[in-house]
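Okay, so here's the structure we're looking at.
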Amino acid sequence: MNNAKVIELPASTSFRPEQALHSALGLDLSDVLIVGYDQAGVLVVRSSQMTRAEALFMAEQLREWALRGGLDG
């Protein structure tokens, strides 16, 4: 966006699944790992052109990010 009066806020912890997925669409991501639960509580995993090993590596990076309190660095 090229409007100095518009700011982008961080993702919300109250997003519905559709909102969370939509918020990621404009980020120009090269790889994605989607993890969620369906209505029956069953784990659902989807990824983009990634092996299980690569998905596990990304999941471990997510774990480290969460352990740091969601802080980059």
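Report yes if ALA4 is modelled with pLDDT of 95 or more and either loosely packed, with under 10 Cβ neighbours inside 10 Å or of a type outside the set (A, V, I, L, M) (or both), otherwise no. Here the answer is no, as ALA4 does not meet what is asked.
Scanning the range 11-23 for residues that are open to solvent by less than 100 Å² (accessible area, probe 1.4 Å) and part of a helix (DSSP H, G or I) returns PRO17, GLN19, ALA20, LEU21, SER23. Pairs linking a residue in the range 46-59 that is of a type outside the set (Phe, Trp, Tyr) to a residue that is surrounded by 11 or more Cβ atoms within 10 Å (Cβ to Cβ) and part of a helix (DSSP H, G or I), with Cβ atoms under 7 Å and 6 or more positions apart or on different chains, are SER47/ALA55. Considering the range 24-73, the residues that are acidic (Asp, Glu) and farther than 19 Å from THR13 by Cα include one that is most open to solvent (accessible area, probe 1.4 Å), namely ASP28.
The values are calculated or read from the model by the stated rules, or taken from the named source; none is laboratory data. Worth saying up front: this structure is predicted, and the values here are computed from it rather than measured. Cβ sites come from the backbone with ideal geometry, for glycine too, and all protein chains shown count toward neighbours. Heavy atoms of the whole protein, side chains included, go into the accessibility calculation; ligands, DNA and RNA do not. Shrake-Rupley method; radii C 1.70, N 1.55, O 1.52, S 1.80 Å.
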